[in-house]
Amino acid sequence: MPKRHPSPGKAQKPVIIVGAGLAGLVAAFELSRLRVPVILLDQENANNVGGQAFWSLGGIFCVDSSYQRRMGIKDSRELAMKDWFNSAQFDREKEDYWPRRWAEAFVNFATDEMEDYVRARGLGFLVNVGWAERGDGRADGHGNSVPRFHLTWGTGPEVVRVFAEPVKKAAKKGTVDFRHRHRVDEIILDELTGRAVGVKGSILEEDNSPRGVKSSRTVVDQFEIHGAAVLVTSGGIGGNVEKVKASWPVDRLGPKVPQNFVVGVPHHVDGRMIDITEGAGANIINRDRMWHYTEGLANWNPIWPGHGIRVLPAPSSLWIDANGKRLPNHLFPGCDTLGTLKYICSTGHDYTWFITDEAIVAREFALSGSEQNPDVTGKSVWGVLTQRVLSKKGTIPVQNFVKNGVDFVVKDNLEDLVEGMNQLVAKIPGGVPLDYQKIKEVVETRDSQFDNPFSKDAQTMLINSARTYWPDRRSRIAPPHKLLDKKKSGPLIAVRMNLLTRKTLGGIETNLKSQVMKADGSTFKGLYAAGEVAGFGGGGVHGYNSLEGTFLGGCIFSGRAAGLGIAEELGYDISKASNVRAHL
């Protein structure tokens, strides 16, 4: 017999969700649809509902979607599954048990349901599918074999909106109770059964700071709440640079821990709940797996401390390390994030350089962050056309960074460019002065491969190959040209690229219902985790590498699984709510 909903007239204990980010909202959405009462706690104010997802570019990983087929992209479940597992490189028998199962379930969901699920909420995508993480140059290696990055029309704020609005409507009906400025400090366990039955914590003073701005941590009161289950969706550690350094895998990304980062997430992404959940008895796995970018810029107009913005580059810029040496083959812009990070760390420096030009920057520099893409965030077709297709200088935010960013040098000739780069180097502790003649040789050698439409240079071949995908040829990748050809390129531009903190790939171990696991392999009754705090599912669904578009997608998938898993445990009939169990 199918399980029935508990009687609406019967008093029910609420499900307690810790964290009002995307995963928490999705879980609350699923629970509220089944009329399960929810208390949603967050240490930040109401301006921050949606968490990191609000600031995102809004890319979602879908497989064999209608958008891909319209673009002539031949994708499949089998190809995506191979790409995922080749990238994840799962190599830990115990710690990767649930991550492997989550990976398979996620790819199946991305193939069968993701597009329909988010479109049913009202989410739309740009017609052209982006090609992120193009890979390490091997068919059986890391990377996306085809474009799969579906850019949300409206970026991160739209992803948040389509889940936040129905949850807020449920709040007006009394099903959901938002409690902001409530910081959880402890998970309450039943003394007899060990089940998670509530949370204790501190009420922080009112602070109406704008979204993302560092808020007060002054405590004004305490709280204790009991419920039917506890779901932790509090995010990762990317806003806490010291935690990032403490978890740094020197054995893989050595020989030393980098000392200088720009910060890609707000200050409240502090990792507190990982430690608190571990203290309650949860198993934390794969702490050393992280996803940090190598193309970070210091934000000239910061919102949170150390605010960094990532450049999402296409493949044409010349990438050199701090010593002036061109990065090795396959470590080209937009190809292999962690492979590049490993190489950078091997140089003993925390920065690199792009040598590029106005034509490449205009076409190929996209910036992470919803606020850095007002045309797409604001759903302006005219803005997209004029700034991304027709502009010779790039989007307005890109132009602002070129003009105001501390990492940019713009000059009319290479000698002056190198001199300007050295002026920046002089301000970097341990920075390495660049030799003009050596840089000149590197640039001229690169340029020599553009005399013909064919080449032996791997980066040049990548550029030509990438332009066979017609959306990239029309609006994303500049026509091949020499950097020193002023007629085609405009002014030369050098960009210092910093390491930028972002995502936590390990975390709280969970089964396929997002139920927390203990170290002995048993389930933690009443305790669930979803989103980044759970490594986006299982404690590490990505393994060592991400295929991109999988962070928002991971929050949606794991948050949904948590909501349905909790409802099922509490006796609700979820058979009509979702087909997700077919994958789980």
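The values are calculated or read from the model by the stated rules, or taken from the named source; none is laboratory data. Note that the structure is a prediction, hence the values are computed from the model and not measured. All Cβ positions, glycine included, derive from the backbone under ideal geometry; neighbour counts span all protein chains shown. Keep in mind that these areas ignore ligands, DNA and RNA; they rest on the heavy atoms of the full protein, side chains included. Shrake-Rupley method; radii C 1.70, N 1.55, O 1.52, S 1.80 Å.
Ordering L462, L123 by accessible area with a probe of 1.4 Å, largest first, what comes out?
Descending accessible area places them as L462, L123.
What does the charge add up to near K325, with Lys and Arg as +1, Asp and Glu as -1, over the other residues with Cβ less than 13 Å from its Cβ?
With Lys, Arg at +1 and Asp, Glu at -1, the neighbours total 0.
So what's the net charge close to R69: Lys and Arg +1, Asp and Glu -1, counting the other residues with Cβ under 12 Å from its Cβ?
-1
Per the Kirkwood treatment, what hydrodynamic radius in Å, one decimal, follows for region 5-124 from the mean inverse distance over all distinct Cα pairs?
That comes to 17.4 Å for region 5-124.
Work out the length of the dipole vector of region 321-401 about its Cα centre, built from +1 on the beta-carbon of each Lys and Arg and -1 on the beta-carbon of each Asp and Glu, and round it to the nearest 20 debye.
With only Lys, Arg, Asp and Glu charged at Cβ, the dipole is about 160 debye.
Along the charge dipole of the chain, Cβ charges K/R +1 and D/E -1, which of A110, C345, N404 sits furthest on the positive end?
Among A110, C345, N404, the one farthest towards the positive end of the dipole of the chain is A110.
Give the ranking of K403, K214, K518 by solvent-accessible surface, highest area first, calculated with a 1.4 Å probe.
Correct descending sequence by accessible area is K403, K214, K518.
Using Cα positions and a limit of under 30 Å, work out the lysines in reach of K13, with same-chain residues fewer than 8 apart set aside.
Straight-line reach from K13, under 30 Å: K3, K168, K169, K172, K173, K200, K513, K518, K525, K576.
On C-alpha positions alone, give me the angle between the axis of helix 436-447 and the longest principal axis of the chain, in degrees, nearest 10.
Orientation of helix 436-447: about 80 degrees from the principal axis.
Between 0 and 90 degrees, rounded to the nearest ten: what's the tilt of helix 155-173 against the longest Cα principal axis of the chain?
Between helix and principal axis, roughly 20 degrees.
Just from its helices, what would the mean residue ellipticity at 222 nm be for the chain, if runs of 4 or more DSSP H residues each count -39500 (n - 2.57) and the sum is divided by every residue, rounded to the nearest 500 deg cm²/dmol?
Calculated at 222 nm, the ellipticity per residue is -9500 deg cm²/dmol.
According to the Kirkwood expression over distinct Cα-Cα pairs, how big is the hydrodynamic radius of region 153-253, in Å?
It works out to 17.1 Å.
Under a Cβ-Cβ cut-off of 14 Å, what is the net charge of the residues other than R473 that fall near it, where Lys and Arg count +1 and Asp and Glu count -1?
Around R473, the charge tally is +3.
How far, in nm, would the chain grow between W470 and E224 when pulled straight, counting 0.36 nm per residue and subtracting the alpha carbon separation?
82.9 nm
Pull up the cross-link candidates among the lysines for K488, meaning alpha carbon to alpha carbon under 19 Å and not fewer than 8 places away within one chain.
K392, K393, K411, K440
Hey, quick one: spin label on K256, modelled 7 Å out along Cα-Cβ, who in region 319-358 has an amide N within reach, i.e. under 17 Å?
Those under the cut-off are 322-323, 342-352.
For M81, what accessible area in Å² do you get when you roll a 1.4 Å probe over the heavy atoms of the protein chains, rounding to the nearest 10?
The accessible area of M81 comes to roughly 40 Å².
At 1.4 Å probe size, what's the solvent-accessible area of C345? Round to the nearest 10 Å².
Surface open to solvent at C345 totals about 10 Å².
How much length is gained on full extension from K393 to K82, taking 0.36 nm per residue of separation minus their Cα-Cα distance?
108.1 nm
Only Lys, Arg, Asp and Glu count, each charged at its Cβ (+1, +1, -1, -1), so figure out the dipole size of the chain about its Cα centre, rounded to 20 debye.
Using Cβ point charges on Lys, Arg, Asp and Glu, the chain gives about 1320 debye.
Could you report region 279-366's accessible area per residue, 1.4 Å probe, as an integer in Å²?
Per residue, region 279-366 has an accessible area of 24 Å².
Express the carbon and sulfur contribution to the solvent-accessible surface of region 29-103 as a percent, rounded to the nearest whole number, probe 1.4 angstrom.
C and S atoms contribute 50 percent here.
How large, in percent, is the carbon and sulfur part of the accessible surface of region 377-513 at a probe radius of 1.4 Å?
Reported share for carbon and sulfur atoms: 53 percent.
Enter the accessible area per residue of region 406-495 (Å², integer; probe 1.4 Å; all protein chains in place).
Per residue, region 406-495 has an accessible area of 55 Å².
Which percentage, to the nearest 5, of the DSSP beta bridges contained in the chain is antiparallel?
70 percent
Kirkwood-based Rg over Rh for the chain (C-alpha set), two decimals?
Rg/Rh: 0.98.
Please give, to one decimal in nm, the separation of the simple spin-label points placed at R35 and E242, each 7 Å out from Cα toward the Cβ.
4.9 nm
Using alpha carbons only, how many degrees (0 to 90, rounded to 10) separate the axis of helix 97-112 from the longest principal axis of the chain?
Roughly 80 degrees, rounded to the nearest 10.
Output the relative contact order of the chain, whole-number percent, from Cα pairs under 8 angstrom with separation of 6+ residues.
22 percent
For region 382-538, place one equal point scatterer on every Cα, skip the solvent, and apply the Debye formula. What is log10 of I(q)/I(0) at q = 0.15, 0.20 Å⁻¹?
-0.96, -1.31
Could you state how much accessible area L318 has, in square angstrom rounded to the nearest 10, with a 1.4 Å probe and all protein chains kept in place?
Counting only protein heavy atoms, the figure is 0 Å².
So if we plug the beta-carbon distance of K172 and D140 into 1/(1 + (r/R0)^6) with R0 = 51 Å, what FRET efficiency do we get, rounded to 0.05?
0.45
Whole-Hz Karplus ³J(HN,Hα) for region 15-20, in order, using 6.51 cos²θ - 1.76 cosθ + 1.60 and θ = phi - 60°, x for Gly and Pro?
7, 9, 10, 9, x, 9
Which ³J(HN,Hα) values, rounded to whole Hz and listed in residue order, are derived for region 182-191 from phi using the Karplus coefficients 6.51, -1.76 and 1.60 in 6.51 cos²θ - 1.76 cosθ + 1.60 with θ = phi - 60°, glycine and proline given as x?
Rounded to whole hertz, the list is 10, 9, 6, 10, 7, 9, 8, 10, 5, 5.
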